[in-house]
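Here's the structure we're looking at; comments come further down.
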Amino acid sequence: MRILSVTAQKADSTGSGVFLTELVRGFQKMGWEQAVICGTVEGEPVCLPEGVRVFPVFYESRELPFPVCGMSDEMPYRSTRYRDLTEGMTQQLTDAFRARILETVEAFRPDVIVCHHLYFAASLVRELCPGIPVYGQCHGSDLRQLAGNPWKRDWIISQIQKLDGIFALHAVQKQTICTLFGVPEDRVSVVGTGYNSDVFYRSTQLHTSRMDGKLRLIFAGKLSQKKGVFSLLRSLNYLKNPDGVELWLAGGCGNPAEYENLRHMAQEAPCQVRLLGKLSQKELAERMNQCDVFVLPSFFEGLPLVLIEAMACGLRVVCTDLPGIQPWLEAEIPQSGAVFVRPPRIRNEDEPMEEDLPDFEKRLAAAMEEATSRKLPDAEAVHRMSWDALCERLCGVFEKKHL
């Protein structure tokens, strides 16, 4: 089987980028021939397994003279918001991706195309490739983008309706997809997510290497307001014993002013806060193994892969109680020990109501303290959630319908 994967943004640096890369790696283990269309910037490496053919679309070039279009309004690298695209920029984006899609299909002759995000790239692929099975992988940020941004909305919906199948992260997301795009339930499969068990695992040596008695909390993701990082910093003021706590923040920030504000808050926090910057997966796994509790205080998520990665490293987890995450986790990893925090009221999909934040931050502080007494997640249950298992599920769908 020849599988073509498509994304309009970079094939790394974000949760959806990791998802794409790991699927490509898993399909390669199964022996499938592969190619990838992705956005990038000339001179930057595209980190994909050796042997995978890459057909890049270069942003910040004569063909496409603006930064990479990001599915989130705030990306961990320089980016362009879809809502800010002018008519001329939209035409440039369409022309660039149309040319690369047609070139790739002619050269690679894929049996199946998997598009990441139910948005622009998937819609264009569906329109240009009527004779090839095309599937869309939802990541959650695409639904948020579509709900809050009118850019090409009707065209996107009309093309997503024509996909051969859609992969959802969890059951709640599946229902949202069916309602938003008007597609029948039997065309949407709940596939969940996976993690790289070769990288994320518990290291007894790292866990036992520190004996100072500190409670170490870690966050990994985009350092932004919508990821709840500012609320996380403020929540430290409500801890009973902040002197015995350290908070590590891993990730990049695409907004310089926001980052400067965050850095100032970190300096003023009642406990030590370390800004680790953007880490490789190996580096992140090492840092996780040096911590006790992983905290994800986001105001919007699809199905956060990083929760599973943290559990695999032997961490207890704290997470905002967002739609679909808790029931999915309870079904896949019974007795995970996760502590869920009731979120503030949300408007415009991912913006918290300011008046609700103080109470949310108090709940977050209490949850972080409660997590220390929870049992660790079952290691065997976590290990079953590998990328290899997910790839087998997806290939089962392809083979059943098209081979």
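Just so it is clear, none of the values below were taken in a lab; they were calculated from the coordinates. On a predicted model such as this, the values are computed, not experimentally measured, just so you know. Positions of Cβ are backbone-derived with ideal geometry, glycine not excepted, and every protein chain shown enters the neighbour counts.
Structure values in brief
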quantity	calculated
Most mobile listed residue (R202, R384, R347) in the chain, GNM with C-alpha springs under 10 Å	R347
Segment 252-316 pair-distance distribution - Cα-Cα, 10 Å bins, rounded %	18, 42, 38, 2
Karplus 3J(HN,Hα) series, Hz, for segment 60-75 with 6.51 cos²θ - 1.76 cosθ + 1.60 (x for Gly, Pro)	6, 10, 4, 5, 9, x, 8, x, 3, 6, x, 5, 9, 5, 10, 10
Potential extension, R98-K29 segment - 0.36 nm per residue separation minus Cα distance	21.9 nm
Cross-link reach list, lysines versus K227, counting only Cα pairs under 30 Å and skipping chain neighbours closer than eight places	K10, K152, K174, K214, K240, K278, K282, K362, K375
Segment 143-172 versus segment 331-381: alpha-carbon centroid distance in Å	28
Centroid-to-centroid separation of segment 1-43 and segment 190-264 [C-alpha atoms, Å]	27
K362-A257 FRET efficiency (beta carbon distance; Förster radius 30 Å; 0.05 resolution)	0.65
nm² value of the averaged projected area, convex hull over the Cα atoms of the chain	19.0
Residue-span extension gain [R83 to R109] - 0.36 nm each, minus C-alpha spacing	6.0 nm
Sorted by Cβ density within 10 Å, fewest first, the residues S13, S72	S13, S72
Karplus (6.51, -1.76, 1.60) ³J(HN,Hα), θ = phi - 60°, over segment 181-195, in Hz, Gly and Pro reported as x	9, x, 9, x, 4, 6, 9, 10, 10, 7, 10, x, 9, x, 9
A171-W155 pseudo-label distance in nm [points 7 Å out on the Cα-to-Cβ vector]	3.8
Estimated 222 nm signal from helices in the chain, with DSSP H stretches of n ≥ 4 weighted -39500 (n - 2.57), rounded to 500	-11500 deg cm²/dmol
Solution diffusion estimate, µm²/s, Stokes-Einstein, segment 112-267, Kirkwood Rh from C-alpha pairs, 25 °C, viscosity 0.890 mPa s	129
Choice from G337, G221, G88 showing the highest fluctuation, given a GNM over the chain with Cα pairs closer than 10 Å	G88
Antiparallel DSSP beta bridges within the chain, percent to nearest 5	5
Charge dipole of segment 204-383 about the Cα centre (unit charges at C-beta), most positive-ward option of L236, V341, W248	W248
Derived scalar couplings ³J(HN,Hα) [segment 212-229; Karplus, 6.51 cos²θ - 1.76 cosθ + 1.60; whole Hz; x for Gly, Pro]	8, x, 6, 8, 9, 9, 9, 10, 9, x, 5, 7, 8, 4, 6, 8, x, 5
R393 paired with M353, simple spin-label distance in nm, labels 7 Å along Cα-to-beta-carbon	3.5
Within a Gaussian network of the chain (alpha carbon springs, distance under 10 Å), most fluctuating of P56, P130, P377	P130
Rel. contact order, % - alpha carbon contacts under 8 angstrom, at least six apart, the chain	14
Net lengthening on full extension, Q290/E63 (0.36 nm per residue, minus Cα-Cα)	77.2 nm
Segments 159-167, 179-187 sorted - mean Cβ within 10 Å per residue, highest first	159-167, 179-187
Dipole magnitude of segment 68-133, debye to nearest 20 (Cβ charges: Lys/Arg +1, Asp/Glu -1, about Cα centre)	60
Cα shape, segment 204-383, gyration tensor, a/c 1.5 rule	rounded
Taking M71, M89 and counting other C-beta atoms within 10 Å, the order from fewest to most	M89, M71
